[in-house]
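Everything below concerns the one structure shown next.
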Amino acid sequence: MCGRCAAPFDSVRFAAALGACLWGKAMKTIFMWGAGNVCRHFLQHLKKDLPVQGIVDRDPTLSCDTICGIPIYAPLGIGAADRLKIGRDGGEYICPPPRDTIFIITTYVYYISVKDYLESLGYETAFAYDLREYTDVDWSSLCRIHYDVPGAEDDCAEIREARSILADERSAAVFDALLEKRRERVYDCTDIRSEYPQYLEMDLVPFCREETIVDCGAFRGDGLRIFKERLHSWKMFHCFEPDADNFRILQENCRKYERTEPHCAAVGDYDGQAYFSQGANAGGELQQGGAAGQRIEVCRLDSLALSEVTYITADIEGSEMAMLEGARRTIERCHPKLAVCVYHKAADLWEIPLWLKSVNPAYRIYLRHYGETAVDT
């Protein structure tokens, strides 16, 4: 075990603290931090009544809203006596006293940063995923990478094979660390983060100004800015984003750059339509066997018949393998560099490297991690 969160969470102690709140034995106040899907799922599936006074989120536009009737606050800085200062849109602010306040952290991506910040101010914290006895949520649907631990012999054989094809010692170390963190439910991955931005591992992969880039899951064009800062120019940049609201913003951002083409579609292993669930501005995914969410276009990269592709990136919420299948001919023909996320589904960590090596045995497979928790691998 490694990282600052290696020590197991003391659920007995925390449950006693929450019990004291419920039974009136202490004047503890409960706040939640993070107003996204984790918070919503937690509150909607509570089995026990928790006296949650408020939810704190860094997005100030949310501070006039509620979740399950609980008000959302925005952090306003540090108030008197080094207490966190929070407030509602157009309302008064409050400074919860650390001795009398417990924060349940309901953001996964920034869990470590939030935990460190709150504890530096003296607040007690807990992670929503560790409070399973309080909800009937299937947390594996929100955090598959920590709940799907390989156990079958077939998985173990593939894991060993995938590890054996990794191209350097650092890749093997990251691979081993991620599996160990899954087994031990360690959320802190700051000790294995790369120093480079995601998709631009400059010490491994040569880049030039003549790249033809295909960005799958472009969201609102965040990748364009990063690539512009590092590469300065490119031959062509294709951005794929299926969500209508995000695509409108992506179109506006694409106008700022030359030789950039936005595509309002998801990438997959067929050409047609599907339903797409959108959650909290990011993290939308294709629906399996249902007609809920936005109706969107889906396309295979192979069907676009792009004349050349030198680099494909993909962070598409679990559809990475489908994208690869739909791009097989393009990969075989162009031999592009690829940066493919392998953290949305537990088995992606070993299945995607093995697939790539089977399609092109000449590929060198590297593994790098970029998130402070087990996201962005």
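Which percent of Cα-Cα pairs in segment 60-120 sits in each 5 Å bin, short to long?
Going out from 0 Å in 5 Å bins, segment 60-120 shows 4, 16, 23, 28, 22, 7, 0 percent.
For GLU92 and GLU169, calculate 0.36 nm times their separation in residues minus their Cα-Cα distance, and state this gained length in nm to one decimal.
Length gained between GLU92 and GLU169: 22.3 nm.
Can you give me the long-range amide H partners of MET32? Hydrogens built in the peptide plane at 1.01 Å from N, cutoff under 5 Å, separation of 5 or more residues or another chain.
Those lying under 5 Å, H to H, from MET32 are GLY54, ILE55, VAL56, ILE104.
Name the residues whose placed amide hydrogens come within less than 5 Å of the amide hydrogen of PHE127, ignoring near sequence neighbours (fewer than 5 apart) on the same chain.
Amide H to amide H, under 5 Å and 5 or more residues apart or across chains, PHE127 pairs with ILE105.
For ASP191 paired with LEU76, estimate the spin-label separation in nm (one decimal), with each label point 7 Å from Cα along the Cα-to-Cβ line.
4.0 nm
Could you state the per residue volume, in Å³, of the convex hull enclosing the Cα atoms of segment 157-276?
Expressed per residue, the convex hull around the Cα atoms of segment 157-276 is 174 Å³.
What does the convex hull of the alpha-carbon atoms of segment 208-264 project to on average, in nm²?
3.2 nm²
Which three lengths, in whole Å and largest first, does segment 291-377 cover when its Cα atoms are put on their principal axes?
That gives 38, 38, 18 Å along the principal axes, largest extent first.
Each value in this text was obtained by applying a stated rule to the coordinates, not by laboratory testing. Only a predicted model underlies this, so the values are computations on that prediction, with no experimental measurement involved. Virtual Cβ from ideal backbone geometry, glycine too; neighbours counted across all protein chains shown.
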